[in-house]
């Protein structure tokens, strides 16, 4: 005759059956056998439940827990089988459930942060202002000390162009203007693999990479996530956060891998607007401000009073253009 408890053999919770009078174990399902290292029936059958499950020398008097890995809540029920009374116990792994719930919550929170960053990327017409707002949002939402963007503005030179700091944190932006890439030399090999630099504990770098350790330690950095920014395969900078909560570092790394694309979009859009504005308000040959720039300046009423305007003409320019070509005429203007 089959036993009632055989239906629990493959259940993903710990199930065991004990003789209610003798405390002898008569059944453990697959998960219970694995948890308590009893692969064969003879490894547990007849052993006292308080010895195997609790590690105690005598009945525990409460029968409310199982001594496996994790935190369990116990559900028990008395059952009758073949004229005998048994106690069927089911130990539910609360720790596993809580961890799963925390993971789900973190994933949902990460998705909400990414969606908000996307919204901010698309909503603000001023891309420079959008970058400021995006960095501020990330720093505050991720509970960091500092959030920042570095850009290569000149060949081989990087600048800290955007920075957000928590109220009690001193800004570092002014210290990193036109620094060389050697400043972050330990990170370059990671960037080349298109990966994030992840520092879960700066003390772990002390013996592995003293240079990086000393640099981060000097800035009071304990944890960090730094992500490279690429445009068409070219490294154009990086973004990062300092001192996020240690338990969130790995999740932040995955999130920044997505958000960095929004940052690159905003940077390119900002630069395009700047180029168009420069073309609109500067003479393409000489680079000096043109008539449209003057009209905007006057309309904005930011010019000092009184204002004088001098118009100049170059005598003989048309003759040079006609006889020697416009290239020579351009050189005359530039000289």
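The values are calculated or read from the model by the stated rules, or taken from the named source; none is laboratory data. On a predicted model such as this, the values are computed, not experimentally measured, just so you know. Neighbour counts run over all protein chains shown; Cβ positions are idealised from the backbone, glycine included.
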Based on what the data block shows, is residue 152 under 28 Å from residue 129 (Cα atoms) and at pLDDT 85 or above? yes
I'm told residue 195 meets every condition in (1) touching a helix residue (DSSP H, G or I) at 6+ places or on another chain (Cβ under 7 Å); (2) not in a helix (DSSP H, G or I) except one. Can you identify the failing condition by its number? (1)
In the set 145, 126, which member is modelled with pLDDT of 75 or more and surrounded by fewer than 18 Cβ atoms within 10 Å (Cβ to Cβ)? 126
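Please verify whether residue 18 is farther than 10 Å from residue 89 by Cβ, in a strand (DSSP E or B) and at pLDDT 85 or above, treating the condition exactly as stated.
Details: farther than 10 Å from residue 89 by Cβ: no; in a strand (DSSP E or B): yes; at pLDDT 85 or above: yes.
Judged against the criteria, residue 18 is not a match.
Quick check: anything in region 137-160 in a helix (DSSP H, G or I), touching a strand residue (DSSP E or B) at 6+ places or on another chain (Cβ under 6 Å), under 22 Å from residue 114 (Cα atoms) and touching a residue at least 40 places away in the same chain (Cβ under 8 Å)?
So in region 137-160, the residues in a helix (DSSP H, G or I) come out as 137-141.
After this cut, where a residue has to be touching a strand residue (DSSP E or B) at 6+ places or on another chain (Cβ under 6 Å) as well, the list is 138-139.
Okay, now just the ones that are also under 22 Å from residue 114 (Cα atoms), so 138-139.
Among the residues that remain, those that are also touching a residue at least 40 places away in the same chain (Cβ under 8 Å) are: 138-139.
Taking every residue of region 137-160 in turn, at least one turns out to be in a helix (DSSP H, G or I), touching a strand residue (DSSP E or B) at 6+ places or on another chain (Cβ under 6 Å), under 22 Å from residue 114 (Cα atoms) and touching a residue at least 40 places away in the same chain (Cβ under 8 Å).
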Being in the same structural domain as residue 266 (by TED's automatic domain parsing), under 20 Å from the mean Cα position of the chain (by Cα) and under 21 Å from residue 267 (Cα atoms): is that true of residue 196 here? yes
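Taking the condition within 20 Å of the chain's Cα centre (by Cα), within 22 Å of residue 142 (Cα to Cα) and either in a helix (DSSP H, G or I) or at pLDDT 90 or above (or both), does residue 186 pass? Show your work before the answer.
Working: within 20 Å of the chain's Cα centre (by Cα): yes; within 22 Å of residue 142 (Cα to Cα): no; either in a helix (DSSP H, G or I) or at pLDDT 90 or above (or both): yes.
Here the answer is no, as residue 186 does not meet what is asked.
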Scan region 1-14 for residues that are buried (at least 21 other Cβ atoms within 10 Å of the Cβ) and within 21 Å of residue 54 (Cα to Cα) and jot them down. 14
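If we scan region 165-179, do we find a residue that is touching a helix residue (DSSP H, G or I) at 6+ places or on another chain (Cβ under 9 Å), at pLDDT below 90 and surrounded by 15 or more Cβ atoms within 10 Å (Cβ to Cβ)?
Within region 165-179, the subset touching a helix residue (DSSP H, G or I) at 6+ places or on another chain (Cβ under 9 Å) is 165-166, 176.
Retained after the next criterion (residues that are at pLDDT below 90): 176.
Narrowing the set further to residues that are surrounded by 15 or more Cβ atoms within 10 Å (Cβ to Cβ) leaves 176.
Yes, the conditions are met somewhere in region 165-179.
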One residue from 256, 266, 229 being assigned by TED's automatic domain parsing to the domain that holds residue 187, at pLDDT 80 or above and not in a helix (DSSP H, G or I): 229
So residue 213 ticks every box in (1) touching a strand residue (DSSP E or B) at 6+ places or on another chain (Cβ under 7 Å); (2) surrounded by 19 or more Cβ atoms within 10 Å (Cβ to Cβ); (3) not in a loop (DSSP other than H, G, I, E, B) but one. Which box is left unticked? (1)
